Amino acid sequence: MEIKVHNLYPGELEFTSEFAYSEITFLDLRISRNVKGFLETDLFVKPTFKNLYLKYDSYHSRHTLDNIAYGHALRIRTICSTEDSVTKNLDILKSNLIERGYPPSTVTDKIGKACTAPRSVLLNREGSKKSRKKNHCPLGVTRNPRLPLLSNIVKRHFPILQLSPIFSKTFPNPPSVIYKQPPNLKSLLVKAKIREKHNFKGCFRTHDQRCVTCSVLKETSTFQSKSTGQIFQVKGDLTCTTKGVIYLLNCLDCQKQYVGETGSELRIRHRGHRQEFKKALTPIGKHFQVCKNFELIGIEKIRNNNKKKPEKRLS
Ligand SMILES: [Zn+2]
Ligand SMILES: [Zn+2]
């Protein structure tokens, strides 16, 4: 009855329920009662299974691909309670992987390796795995097929680092090498963020009020010198995340202006300014201890970071 109520809502999801006396499925597990009345567990594969294992010619490290057979074989051995179902499911796994381009000898090797430990050990594996990984610090590296086997290099040279008493105390175990996905065609060609189109060049906010820099950033294409009255154009499209910027701080209380330059992102520089305002050690910090209101304008993108720095001044 309740399921019918949930399905009244329009959408792609449809809820179903199952009821049985002899067997029940949950995630990848099928629990059934055998003729003697004991419970048995078996691997449950959904009818929608399409054999979409990672293809063997996919751009992944060899150990990742090879361990797919090992990992799945371990799963089958952990889930299936009878030898018959283990054999049946391992055969299916093997043919599925061979169909995806895996070398039969590698698949047989990995399945054989997964079959060495007794099932009682496998059922307690999760706990021991967690405690084993607890003291390992990850070393993130962008994956590249030309990289040598980093884990071996780390293991080989780790004793040298251990000679330092501070290091050995901080990192008692060698780090585990974690590979990050390198940029692929999709990430190079498609931007996840769609930039708002402006019909003029200038300084823009890209974030909502939660971004401290955007909240003080003025959206404008021009700025005025308070000492000469001259109006200038903002050069380039500038936001809080633009790197290498000449920027203007306008004091809204006393109309003084400060021009600064940063090689890092504008929002990183602005974070530094906020620290200066708090500590009041620099001239600008002292100024904004007295005056509280200001606006920030990115006025020019620095093409070459080595260019002669403009003068900083409070005028
Ligand atoms: Zn922002
Ligand atoms: Zn002021």
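Here are the numbers for the structure shown:
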read-out	value
Count - residues of segment 26-44 that are loosely packed, with under 13 Cβ neighbours inside 10 Å and either under 19 Å from Ser120 (Cα atoms) or not aromatic (Phe, Trp, Tyr) (or both)	7
Filter result (of a type in the set (Ser, Thr, Tyr) and within 16 Å of ligand 1 (Cβ to nearest atom)) within segment 243-261	Tyr247
Of all residues in segment 194-207 being over 26 Å from the mean Cα position of the chain (by Cα) and within 16 Å of ligand 1 (Cβ to nearest atom), the one that is modelled with the highest pLDDT	Cys203
Selection status of Arg77, among the charged types (D, E, K, R) and closer than 20 Å to Thr116 by Cβ	yes
Residue within segment 155-166 that is farther than 30 Å from Ile302 by Cβ, aliphatic (A, V, I, L, M) and surrounded by 10 or more Cβ atoms within 10 Å (Cβ to Cβ) present	yes
For Leu266: the one exception among (1) within 16 Å of ligand 1 (Cβ to nearest atom); (2) under 17 Å from Cys211 (Cα atoms); (3) out of contact with any Phe, Trp or Tyr (no Cβ under 7 Å at 6 or more places or on another chain); (4) not β-branched (Val, Ile, Thr)	(3)
Qualifying residues in segment 227-243 (those that are surrounded by fewer than 18 Cβ atoms within 10 Å (Cβ to Cβ) and part of a strand (DSSP E or B)) - the one farthest from ligand 2 (Cβ to nearest atom)	Lys243
Positions within segment 24-52 being touching a Ser or Thr at 6+ places or on another chain (Cβ under 7 Å), assigned to a loop (DSSP other than H, G, I, E, B) and farther than 20 Å from Ala73 by Cβ, in sequence order	none
Filtered residue count, segment 152-176, keeping only those that are part of a helix (DSSP H, G or I), of a type in the set (A, V, I, L, M) and over 27 Å from the mean Cα position of the chain (by Cα)	3
Selection status of Lys191, closer than 14 Å to Ile297 by Cβ, assigned to a loop (DSSP other than H, G, I, E, B), away from ligand 1 (no atom under 16 Å from the Cβ) and not aliphatic (A, V, I, L, M)	no
Single unsatisfied condition, Gly112 versus (1) within 30 Å of Phe171 (Cβ to Cβ); (2) at pLDDT 90 or above	(1)
Residues of segment 244-264 satisfying the condition of being of a type in the set (A, V, I, L, M) and surrounded by fewer than 14 Cβ atoms within 10 Å (Cβ to Cβ)	Leu252
Filter result (among the aliphatic types (A, V, I, L, M) and part of a helix (DSSP H, G or I)) within segment 244-277	Leu266, Ile268
Residues of segment 56-77 satisfying the condition of being β-branched (Val, Ile, Thr) and either under 24 Å from Lys186 (Cα atoms) or surrounded by fewer than 18 Cβ atoms within 10 Å (Cβ to Cβ) (or both)	Thr64
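The values are calculated or read from the model by the stated rules, or taken from the named source; none is laboratory data. Keep in mind it's a predicted model, so treat the numbers as computed, not measured. Positions of Cβ are backbone-derived with ideal geometry, glycine not excepted, and every protein chain shown enters the neighbour counts.
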